[in-house]
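K.L.:
Sending over a structure as structure tokens; questions will come in a sec.
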Amino acid sequence: MKKILVVEDEEAIGILICRTLIEEGYLCDWARSGTEAAERIEKASYSLALLDIMLPGIDGYELLEYMKAVGTPVIFVTAKGQLKDKVQGLKLGADDYIVKPFQISELVARVEAVLRRSSRGTALTQIGDVLIDLPGRRVLKGGKPVELTGKEFEILAELVSHKNMALSRAQIYEDVWNEIYTGETRTLDCHVQKLRKKLGWEDRIRTVFRVGYRLEV
């Protein structure tokens, strides 16, 4: 069972998040300050951390460094809602960014998405004659290695972890480039075209009109 660390100094929000996560089947620890969170990180391992930024003691940005060091994914849950704040959080390495107030259903969906991405590399994936080793970052086609750039591989991993689902360009871009999507599609589309050609997946990676892409398996 996956354990999630919630770092939130507002009692009502902390109770709401923990109660919801427990109802969804997760284990949950709640730290009310950055200092308490740091102590918990030293004693236990977590599948995911939900961090406020403005905290007593150690702030969320510093806690993010703790989490990155031990490989724990992080979602910022904060009242700092300006675009520059979100950009900063994502550039520092957060896996997602949720602004208060939020819908609890959205929080659960984002938790599930980040956990899915973080665990997507647990096995080999065979699609047609293409074998994808996500943990080893290797791709074989017909038994022969396929050379992919870092971004091409990350796009492939994103598509594989959401097989048969339509992904928006914004979602793919922000997950792969870890920065805010501004609507410029040329970079992403170019990488997708090269990926299609290298894998022979012109008919498998489908363009979803006005949305993005879908990997059909």
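K.L.:
If one puts a single equal scatterer on every Cα of the range 1-61 and applies the Debye formula without solvent, what log₁₀ I(q)/I(0) results at q = 0.21, 0.25 Å⁻¹?
P.N.:
For the requested q values the scattering log ratios are -0.75, -1.02.
K.L.:
Follow-up question, since we're still on this one. Which net charge results for the neighbourhood of Lys91, defined as the other residues with beta-carbon distances under 15 angstrom from its beta-carbon, given Lys and Arg at +1 and Asp and Glu at -1?
P.N.:
Taking every Cβ under 15 Å from that of Lys91, the sum is -3.
K.L.:
What list of ³J(HN,Hα) couplings, whole Hz, do you get for the range 189-201 from phi and the Karplus terms 6.51, -1.76, 1.60, once you set θ to phi - 60° and write x for glycine and proline?
P.N.:
Computed from phi, the couplings for the range 189-201 are 4, 5, 5, 5, 4, 5, 5, 4, 5, 5, 9, x, 10 Hz.
K.L.:
Please list the non-local residues whose amide H lies under 5 Å from the amide H of Arg138, H modeled 1.01 Å from N, same-chain partners needing a gap of 5 or more.
P.N.:
Counting only residues 5 or more places away or on other chains, the set is Asp133.
K.L.:
For Ile127, which sequence-distant residues (separation of 5 or more, or a different chain) have an amide H within less than 5 Å of its own amide H, given hydrogens modelled in the peptide plane?
P.N.:
Ile132
K.L.:
Would you kindly compute the Cα radius of gyration of the range 119-183 and its largest Cα-Cα separation (Dmax), both in Å?
P.N.:
12.5, 39
K.L.:
Let me ask something else. Under 8 Å for C-alpha pairs, at least 6 residues apart: give me the relative contact order for the chain, rounded to a whole percent.
P.N.:
For the chain, the relative contact order is 13 percent.
K.L.:
I would also like to ask the following. Which three lengths, in whole Å and largest first, does the chain cover when its Cα atoms are put on their principal axes?
P.N.:
Over the chain, Cα extents along the principal axes are 53, 34, 29 Å.
K.L.:
Magnitude of the Cβ-charge dipole of the chain, K/R +1 and D/E -1, about the Cα centre, nearest 20 debye?
P.N.:
Charge dipole of the chain: 1120 debye, to the nearest 20.
K.L.:
Separate question: Let me have the relative contact order for the range 3-118, percent, based on Cα pairs under 8 Å that are six or more residues apart.
P.N.:
The value is 22 percent.
K.L.:
Using the Kirkwood formula over every pair of different C-alpha atoms, what hydrodynamic radius in Å results for the range 34-88?
P.N.:
Mean inverse Cα-Cα distance, inverted, gives 11.5 Å.
K.L.:
Taking θ = phi - 60°, what integer Hz values does the Karplus form 6.51 cos²θ - 1.76 cosθ + 1.60 yield along the range 86-92, in sequence order, with x for Gly and Pro?
P.N.:
For the range 86-92, the Karplus-derived couplings read 5, 4, 4, x, 5, 5, 6 Hz, x marking Gly and Pro.
K.L.:
Ranked highest first by the average count of other Cβ atoms within 10 Å around their residues, in what order do 15-24, 45-54, 134-143 fall?
P.N.:
45-54, 15-24, 134-143
K.L.:
Tally Lys/Arg at +1 and Asp/Glu at -1 over every other residue whose Cβ is under 12 Å from the Cβ of Tyr61; what's the total?
P.N.:
With Lys, Arg at +1 and Asp, Glu at -1, the net is -2.
K.L.:
Could I ask something else about it? Per 5 Å bin, what is the whole-percent P(r) computed from every C-alpha pair distance within the range 101-217?
P.N.:
Percent of pairs per bin, in order: 2, 11, 21, 25, 20, 12, 6, 2, 1, 0, 0.
K.L.:
Could you please report the charge total around Asp29, scoring K, R as +1 and D, E as -1 over all other residues with beta-carbon less than 13 angstrom from its beta-carbon?
P.N.:
That sum, taken over residues with Cβ under 13 Å, equals +1.
K.L.:
Quick check on the range 3-118: what are the equivalent-ellipsoid semi-axes from the Cα gyration tensor, as sqrt(5λ), descending, whole Å?
P.N.:
Three semi-axes, in Å: 17, 17, 15.
K.L.:
List the lysines whose Cα lies under 30 Å from the Cα of Lys197, skipping any in the same chain that are fewer than 8 positions away.
P.N.:
Within the straight-line cut-off, Lys197 pairs with Lys141, Lys144, Lys151, Lys163.
K.L.:
So, by mean Cβ neighbours within 10 angstrom, what's the order for 62-69, 205-212 with the highest one leading?
P.N.:
Per-residue mean Cβ counts within 10 Å order the peptides as 62-69, 205-212.
None of the figures in this text is laboratory data; all of them are computed from the coordinates on show. Keep in mind that what you see is a predicted model, and the values were worked out from it rather than measured. A quick note on method: Cβ atoms are made from the backbone with ideal geometry, for glycine too, and the neighbour counts reach across all protein chains shown.
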